[in-house]
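In what follows, a structure is listed as structure tokens, so that the remarks can point back to it.
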């Protein structure tokens, strides 16, 4: 083509064509020759299996293993047994490990009186809205495998994430924004696999946002003649549709075609969704956000609310701390600055959702990958402990102001109403109107699901 000294890019060809009447004529000719239109929208809203209690999800994931007995599971007998030797328990050999007393006092929260430690004074005030699960359990004591399982239901092999399954099952209600957004300043254990689509069509993978001055780069329109982008997209769609028609079943290619359209539509809505300039000072204070701050966890929580109210189906916030995560082997004191970073923002999110009438159909989930040992690990820290830990749910059809399940006297094992990771996932899907046994996808000759071959809905946490 005249004017090109090297092989031109597709964008260069399109922009060159726009210089005259070539592009409209070329696009019309492509359509006239029978080239197919882009495929039907795979993210169009879908009917759930039954009436849902929640229409959207916000997941708060604290990476590293939060200590249950120092946060949400008070153990007076562990306080009294500080320094004593502990035998085997919780599925792990804890011999020769002196017991370590919790460092923070517990007090009742809200009218319900659920006990929460001084690490979370603001969250403690919101316990009337929260269903605390003290009997969580998982199957692996390594961060990578436990984080993968908490997100995908699989401990050793990559599988689609919870957010991808929700998008596959329900679609989305706002095609101007991604269906599944992950706000992650740093990668958690297992990396991007925790929001990947794996064998599900690529449309369902999470879109990562990195907090900062420009959290969603390259979505503002570039200068140029009016209607230029529409012409470019129209031609690109025609070319892509023809290319895709010759390669049926290529979900990565289909997703890439859709990504151009989504990116175009995001220009109208994404910058506004991430712009806090119209939020009141009172709302910012509720989250503990400074107007100039675009990196703190308060900013992330407020953006999560804004995305949820604009129709994003699934939002996850990855809490990895500013430098170190919750993996407190050497000194449990490391929990204190991390709790301070998220306590007010998360409490503010719950309060804000509730006053806007959104908490009733928004499911908020807080969890970590596993708990900590009752015995000391390192000088003043705790080791990894998959046998029991705490998580909580709020809104979206959940029983409020209750604590479900119990651990033993030192939080070494589940004593009552165990909730395995598969049960946790089954319950989340149930609240969204999805039967975890029916939400399947055929891959490599078998039907897969989020909960593998197990999982039971935890009826005791349902309102």
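The values are calculated or read from the model by the stated rules, or taken from the named source; none is laboratory data. Every value quoted in this text rests on a predicted model; they were computed, and no experiment measured them. Glycine also receives a Cβ, built like all others from the backbone with ideal geometry; neighbour counts cover every protein chain displayed.
All told, residue 397 falls short of being over 30 Å from residue 112 (Cα atoms) and crowded, with 19+ Cβ neighbours inside 10 Å. Report yes if residue 201 is modelled with pLDDT under 95 and under 22 Å from residue 304 (Cα atoms), otherwise no. Answer is no for this residue. Just one of the numbered conditions (1) out of contact with any strand residue (DSSP E or B) (no Cβ under 9 Å at 6 or more places or on another chain); (2) surrounded by fewer than 23 Cβ atoms within 10 Å (Cβ to Cβ) is not true of residue 203: (2).
Would it be correct to say that residue 265 is at pLDDT 95 or above and more than 19 Å from residue 350 (Cβ to Cβ)? No; evaluated as a whole, the condition is false for this residue. For the structure I just gave you, tell me whether residue 148 is crowded, with 24+ Cβ neighbours inside 10 Å and either modelled with pLDDT of 95 or more or in contact with a strand residue (DSSP E or B) (Cβ under 9 Å, 6 or more places away or on another chain) (or both). Here the answer is yes, as residue 148 does meet what is asked.
Can you find a residue that is in contact with a helix residue (DSSP H, G or I) (Cβ under 6 Å, 6 or more places away or on another chain), surrounded by fewer than 22 Cβ atoms within 10 Å (Cβ to Cβ), closer than 24 Å to residue 411 by Cβ and in contact (Cβ under 8 Å) with a residue 40 or more places away in the chain anywhere in segment 167-186? No: segment 167-186 contains no residue that is in contact with a helix residue (DSSP H, G or I) (Cβ under 6 Å, 6 or more places away or on another chain), surrounded by fewer than 22 Cβ atoms within 10 Å (Cβ to Cβ), closer than 24 Å to residue 411 by Cβ and in contact (Cβ under 8 Å) with a residue 40 or more places away in the chain.
Yes or no: residue 413 surrounded by fewer than 21 Cβ atoms within 10 Å (Cβ to Cβ), more than 27 Å from residue 48 (Cα to Cα), modelled with pLDDT of 95 or more and out of contact with any helix residue (DSSP H, G or I) (no Cβ under 6 Å at 6 or more places or on another chain)? For residue 413, the condition - surrounded by fewer than 21 Cβ atoms within 10 Å (Cβ to Cβ), more than 27 Å from residue 48 (Cα to Cα), modelled with pLDDT of 95 or more and out of contact with any helix residue (DSSP H, G or I) (no Cβ under 6 Å at 6 or more places or on another chain) - is met. When segment 319-346 is examined, which residues are found to be more than 24 Å from residue 377 (Cβ to Cβ) and buried (at least 24 other Cβ atoms within 10 Å of the Cβ)? Residues satisfying the conditions are 345, 346. When the residues of segment 202-212 are filtered to those that are outside any strand (DSSP E or B) and out of contact with any helix residue (DSSP H, G or I) (no Cβ under 7 Å at 6 or more places or on another chain), the one that is farthest from residue 368 (Cα to Cα) is 212.
Quick check: anything in segment 428-438 over 25 Å from residue 124 (Cβ atoms), free of Cβ contacts under 8 Å to residues at least 24 places away in the same chain and either in contact with a strand residue (DSSP E or B) (Cβ under 7 Å, 6 or more places away or on another chain) or assigned by TED's automatic domain parsing to the domain that holds residue 73 (or both)?
Within segment 428-438, the first condition is being over 25 Å from residue 124 (Cβ atoms), and the residues that meet it are 429-430, 432-438.
Imposing the further condition that a residue be free of Cβ contacts under 8 Å to residues at least 24 places away in the same chain reduces the set to 436-437.
Going one step further and asking which of them are either in contact with a strand residue (DSSP E or B) (Cβ under 7 Å, 6 or more places away or on another chain) or assigned by TED's automatic domain parsing to the domain that holds residue 73 (or both), we end up with 436-437.
Yes, there is a match, as at least one residue in segment 428-438 is over 25 Å from residue 124 (Cβ atoms), free of Cβ contacts under 8 Å to residues at least 24 places away in the same chain and either in contact with a strand residue (DSSP E or B) (Cβ under 7 Å, 6 or more places away or on another chain) or assigned by TED's automatic domain parsing to the domain that holds residue 73 (or both).
The set of residues from segment 297-318 being buried (at least 19 other Cβ atoms within 10 Å of the Cβ), touching a helix residue (DSSP H, G or I) at 6+ places or on another chain (Cβ under 7 Å) and either outside any helix (DSSP H, G or I) or at pLDDT below 95 (or both) comprises 313, 314, 315, 316, 317. When you check residue 421 against the structure, is it in contact with a strand residue (DSSP E or B) (Cβ under 9 Å, 6 or more places away or on another chain), crowded, with 22+ Cβ neighbours inside 10 Å and touching a residue at least 12 places away in the same chain (Cβ under 8 Å), yes or no? Yes, satisfied.
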